[in-house]
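Reviewing the structure listed below.
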Amino acid sequence: MWLLPVFSLLARLAARVYYRVRFGGPPVPASGPVLLVANHPNSLLDPTLVVASAGRPVRFLAKAPLFSDMKIGWLMKAAGAIPVYRRSDDPSLMSRNEDAFRAVFEVLSNGAAVGIFPEGISHSESSMAPLKTGAARIALGAASTSRRPISIVPVGLSFRDKDTFRSDVFVVRGSPLVWDDLAARRPDDVDAVRELTSRIDAALRSVTINLGSWEDGPIVECAVRIWEAEKGTPSRDAERLSRMEFTTGVLARVRENGDASALQLAQDVRRHDRRLARLGLRPSDLIADVGPGRGVNWAARRLHLFMPLGIVFAVVGAALFWIPYQLTGMIVTRLRLEEDVRSTWKLLIGIVLYTVWLVALMIVAGTTFGWGAALLTAVGVPAVAMIGLLVRERWQSAWADARTFFLLRSRGSLIAKLRSEQKDLAARLEKLR
């Protein structure tokens, strides 16, 4: 419990360093009791993202076996997590959940924020798992105990490639649930629990993407990007997620109804996506301005990235932590972990190795140049490494943009053909919509 404020700060830092995080949706209430309900695709990294999105300390419910795990049990306790006992772990301990629920009621009654993953498991499936009833029972019990309104806020976590360092993740906060009509009912009211669980499920699905299978992902994303490009509709992240969820539902209904023309459209979209992927293009690239003036403006805006200082930061930043970076990857590969826990172990192992490495650099600097140099190393080395990382990411983006520009300029006939196909696909998608 003593680590809760520190954990909140470190969680926000870890989330933003490990991933490129973007947030959407209304802010979480800054005060008062809040129950944050989130999907659970990425093990212990999910709480860090929920904390980062909340902007306030959050206490989490976690499965009881984590508290007895020698590697992370201390962290669970220090961060104020509350153990939940699952029948699948040990049926004989299920009676302890009453104490756990009372502890959550008290925390919420005191105006704190509590996080829970109502799926009950971390997984790598393409869609949410059926929700357990714990979140609904907690909300009803806390409301009846405290006699004050409890905000239930859905938080959707969507990853581009959750196993990859510095990949994209989008965190969407939904609006608080409307459940005033149920708040006066008790947690042992089966109908109330069922109805509130259903509302939580609907709210979570509105801020997440739930595919029929992972193979549908490229079809859905490409269809949305085609529509946005051809309609000239710039997409903010929350809007794109909403459109992708809508398109996923349309695809499911098309398959259920056996609509031959719509199924053919899905195949054509997938084929178009593969063609673009082979060229390293996106639907929006086909309508981009590639005139000479555009190229000059682009080069002028990015020239500073390749100045000597930028090169120094990029090279030195990579060299400073090259050894712990490589060691982290080697260790995680040897552990042969499940996909939904690989990033968790990368982060935990990386924290240990990077810290040990930084301490070693401080000792070398201190014994060689004095302890002032050691202090400068403690502050300066992480800063230089992070700046270098950001510069290298900008280099990658600049190179990709330059490649796209010259490809579009040099393959005019092919681009024109793809552009015509895309325009036709957009018209068919609009008709289906």
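Give the residue that is most open to solvent (accessible area, probe 1.4 Å), with candidates limited to residues of the range 415-426 that are free of Cβ contacts under 8 Å to residues at least 24 places away in the same chain and either touching a helix residue (DSSP H, G or I) at 6+ places or on another chain (Cβ under 7 Å) or not acidic (Asp, Glu) (or both). Within the range 415-426, the match that is most open to solvent (accessible area, probe 1.4 Å) is LYS417. Can you spot a residue in the range 236-247 that is more than 20 Å from ARG173 (Cβ to Cβ) and within 20 Å of the chain's Cα centre (by Cα)? No, every residue in the range 236-247 fails to be more than 20 Å from ARG173 (Cβ to Cβ) and within 20 Å of the chain's Cα centre (by Cα). Scanning the range 198-245 for residues that are open to solvent by 20 Å² or more (accessible area, probe 1.4 Å) and in a helix (DSSP H, G or I) yields a count of 20. Among residues of the range 308-335 that are touching a residue at least 40 places away in the same chain (Cβ under 8 Å), those with a Cβ under 8 angstrom from a residue that is of a type in the set (Lys, Arg), sequence gap 6+ or separate chain, pair up as ALA314/ARG392; GLY317/ARG392; ALA318/ARG392. Tell me whether the range 65-76 contains one or more residues that are open to solvent by 20 Å² or more (accessible area, probe 1.4 Å) and under 18 Å from the mean Cα position of the chain (by Cα). No: zero hits. Among the residues of the range 246-274, the ones that are in a helix (DSSP H, G or I) and open to solvent by 50 Å² or more (accessible area, probe 1.4 Å) come to 14 in all. Every residue in the range 275-291 that is closer than 18 Å to TRP227 by Cβ, among the basic types (Lys, Arg) and part of a helix (DSSP H, G or I), please. Within the range 275-291, just ARG275 meets the criteria.
Given the criterion crowded, with 16+ Cβ neighbours inside 10 Å and within 17 Å of LEU320 (Cβ to Cβ), identify the matching residue among VAL359, VAL364, VAL381.
After applying the criteria, what remains is VAL381.
Residue count for the range 383-411, restricted to those that are assigned to a helix (DSSP H, G or I) and over 17 Å from TYR18 (Cα atoms): 16. Residues in the range 290-346 that are over 30 Å from GLU125 (Cα atoms), open to solvent by less than 40 Å² (accessible area, probe 1.4 Å), at pLDDT below 90 and not aliphatic (A, V, I, L, M): GLY291, GLY295, GLY310. One residue stands out in the range 168-197 among those that are aliphatic (A, V, I, L, M), in contact with a Lys or Arg (Cβ under 9 Å, 6 or more places away or on another chain) and surrounded by 19 or more Cβ atoms within 10 Å (Cβ to Cβ): the one that is nearest to SER144 (Cα to Cα), namely LEU182.
Only one of the numbered conditions (1) more than 23 Å from GLU239 (Cβ to Cβ); (2) over 14 Å from the mean Cα position of the chain (by Cα); (3) part of a loop (DSSP other than H, G, I, E, B) is violated by LEU9, and that is (3). Figure legend. Inter-residue proximity from the range 234-249: first residues farther than 12 Å from SER206 by Cα, second residues surrounded by fewer than 18 Cβ atoms within 10 Å (Cβ to Cβ) and modelled with pLDDT of 80 or more, beta-carbon distance below 6 Å, spacing 6+ or different chains. Indicated pairs: ASP237/ARG22. Within the range 105-126, take every residue that is within 15 Å of the chain's Cα centre (by Cα) and buried (at least 18 other Cβ atoms within 10 Å of the Cβ) and give me the one that is nearest to ARG148 (Cα to Cα). Among residues in the range 105-126 that are within 15 Å of the chain's Cα centre (by Cα) and buried (at least 18 other Cβ atoms within 10 Å of the Cβ), the one nearest to ARG148 (Cα to Cα) is PHE117.
With the condition kept exactly as written, say whether any residue in the range 131-151 is in a loop (DSSP other than H, G, I, E, B), crowded, with 22+ Cβ neighbours inside 10 Å and among the aliphatic types (A, V, I, L, M). Looking through the range 131-151, at least one residue is in a loop (DSSP other than H, G, I, E, B), crowded, with 22+ Cβ neighbours inside 10 Å and among the aliphatic types (A, V, I, L, M).
Once the range 12-41 is narrowed to residues that are assigned to a loop (DSSP other than H, G, I, E, B) and under 15 Å from PHE60 (Cα atoms), the residue that is most open to solvent (accessible area, probe 1.4 Å) is HIS40. For the range 250-263, the tally of residues that are in contact with a helix residue (DSSP H, G or I) (Cβ under 8 Å, 6 or more places away or on another chain) and touching a residue at least 12 places away in the same chain (Cβ under 8 Å) stands at 5.
Annotation for the range 43-50: at least one member residue is over 20 Å from ALA142 (Cα atoms), crowded, with 16+ Cβ neighbours inside 10 Å and acidic (Asp, Glu).
The values are calculated or read from the model by the stated rules, or taken from the named source; none is laboratory data. This structure is a prediction, so every number in the text was calculated from the model and none was measured. Please note: Cβ atoms are built from the backbone with ideal geometry, for glycine as well, and neighbour counts cover all protein chains shown. Heads up: the accessible areas ignore ligands, DNA and RNA and are worked out on the full protein's heavy atoms, side chains in. Shrake-Rupley method; radii C 1.70, N 1.55, O 1.52, S 1.80 Å.
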